[in-house]
Amino acid sequence: MPDSIRIVKADHELWQQYSDLSTRSYGHPVGDITHLRPYADTRVALRGDRVIAGGLGLLGHQFFGGAPVPSALLSAGCVAPEERGTHLSVRMITERLRPLRDQGAVLSTLWTSSNGYARRLGWEAPTPVFSWTVPTDELSRGFDGSGFEVSHGSTKPYSLIYEDLASRWNGPWRRPSWWEPWQREKHPGLTSYQFNRPGQQPTGMLSVAFEDHPAEGRRLVVHDFWATSGDEAAAMFAFLGRHNSRISSVAFQRTGLPPAPMLLHRLRRSGSLSARAWHPWMLRVLDLAQAVRLRGWADEADLALPIEVVTEDGAATEPFMLRVAGGTGELSPTTREGRLTLTRGQFAVWYAGGYRSSTSAAQAGVRGDPRSIAQLLLTTADREPWLPDHF
């Protein structure tokens with residue numbers, strides 16, 4: 001890497017150059033660079049006094065095993081087209097992560113269309129990501145919303161519902177106080193609803209917005225869909241279906257619906273549902289031992305297993321003893337030979353509960369006897385991976 005390149009924290013002038021560069025790099029303005037500016041650490045690469053790369057970094061917490069784990073959330077990374085091919089992005093990621101690691105981040109998450117590139121740097125995708133589109137008539141016919149009341153806006157503190165439901169998955173961001181204003185700035189017209197049985201507290205939460213559609217005129221887009229159980233989910237689908245007099249379809253944005261078959265199984269005509277695959281969110285474990293210690297673990301989980309984790313350069317393996325018992329986890333160096341071997345990326349997928357069987361783990365490249373793999377997977381299988389926020 002040429003010595004003439006410096007990576008620094010952006011002041012106002014450099015931030016503006018970075019924002020302009022992102023438009024040239026992505027081919028369109030990147031709104032989050034403006035929306036997240038007050039909350040993010042912005043780093044840029046300089047050649048002389050000219051910005052040639054940049055990116056945002058947020059220190060957040062993601063729920064894993066029910067516990068919030070400090071994580072570096074990376075967003076809006078870009079490199080000037082004329083500077084690509086020089087591995088500048090590798091150095092940029094290292095420098096973007098540095099201040100967040102210093103503040104305690106033991107994980108890192110990003111969304112990227114360059115999956116192969118991110119994988120080589122240690123990230124891996126715990127789960128596929130889809131957006132869904134379904135006719136409102138199908139929702140109206142397929143779901144019954146009786147037994148629930150619908151309230152416009154928030155009758156119960158938003159954070160109380162969200163914290164409870166988000167902790168039931170692996171990956172959701174513990175949304176900070178500025179999250180809701182940020183979303184409303186990004187999505188003008190975003191409207192929220194809460195669902196409850198008569199006389200009871202809300203147990204479901206839905207956020208929607210309208211958008212123009214070239215063929216349909218207007219479409220309803222779901223941004224948030226949080227349901228305690230299938231009953232709340234059915235009531236929320238039925239509510240969306242009641243828009244059928246004016247709106248022909250509902251689109252669940254790529255982060256707008258949990259990765260569960262509750263929609264598909266209740267439709268009368270499943271062929272009416274369409275899915276689009278998106279580039280997934282990817283997870284990297286920055287500090288293996290600390291990530292295991294800070295994660296939540298089921299009280300009934302009981303495991304003592306020697307494992308080997310392939311180093312980030314792929315040149316060697318690091319032997320560890322993984323112990324999970326009594327709701328706590330520990331990963332410590334050992335001299336014992338490992339009973340299975342994982343890459344750093346595979347470790348991240350296991351950590352997020354992404355492997356649902358020893359067969360899927362083995363096909364993904366986890367090496368070891370199936371019984372040991374199955375024992376490992378049981379420790380994180382109580383929750384599935386889902387990241388409902390795109391940044």
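The values are calculated or read from the model by the stated rules, or taken from the named source; none is laboratory data. What you see is a predicted model, and the numbers here were worked out from it, not measured in a lab. Note that each Cβ is placed from the backbone with ideal geometry, even for glycine, and that neighbours are counted across all protein chains shown. The accessibility values were calculated without ligands, DNA or RNA, using every heavy atom of the protein model including side chains. Shrake-Rupley method; radii C 1.70, N 1.55, O 1.52, S 1.80 Å.
Before moving on, here are some points about what is shown:
- Within the range 28-140, strands (runs of 3 or more DSSP E) holding 3 or more residues that are without any contact (Cβ under 8 Å) to a residue 60 or more places away in the chain and under 21 Å from the mean Cα position of the chain (by Cα): 50-64, 67-79
- Given (1) open to solvent by less than 50 Å² (accessible area, probe 1.4 Å); (2) at pLDDT 95 or above; (3) in contact with a Leu (Cβ under 8 Å, 6 or more places away or on another chain), number of the condition residue 59 does not satisfy: (1)
- Checked against (1) loosely packed, with under 15 Cβ neighbours inside 10 Å; (2) touching a residue at least 12 places away in the same chain (Cβ under 8 Å), residue 321 meets all criteria but (1).
- Meets criteria (assigned to a strand (DSSP E or B) and more than 19 Å from the chain's Cα centre (by Cα)) for residue 321: yes
- Among residues of the range 254-274 being open to solvent by 50 Å² or more (accessible area, probe 1.4 Å) and in a loop (DSSP other than H, G, I, E, B), the one that is modelled with the highest pLDDT is 254.
- Counting the residues of the range 26-56 that are buried (at least 20 other Cβ atoms within 10 Å of the Cβ) and more than 27 Å from residue 386 (Cβ to Cβ) gives 8.
- Odd one out for residue 196, checked against (1) more than 30 Å from residue 40 (Cβ to Cβ); (2) under 19 Å from the mean Cα position of the chain (by Cα); (3) open to solvent by less than 20 Å² (accessible area, probe 1.4 Å): (2)
- For beta carbons closer than 7 Å, sequence separation of 6+ or different chains, a first residue in the range 326-348 that is open to solvent by 10 Å² or more (accessible area, probe 1.4 Å) and a second that is of a type in the set (Ser, Thr, Tyr), the qualifying pairs are 339/372; 341/317.
- Residue list for the range 351-364, restricted to those being more than 10 Å from residue 385 (Cα to Cα) and either assigned to a loop (DSSP other than H, G, I, E, B) or not hydroxyl-bearing (Ser, Thr, Tyr) (or both): 356, 357, 361, 362, 363, 364
- All of 233, 209, 215 fail the test of being of a type outside the set (D, E, K, R) and crowded, with 21+ Cβ neighbours inside 10 Å, apart from 233.
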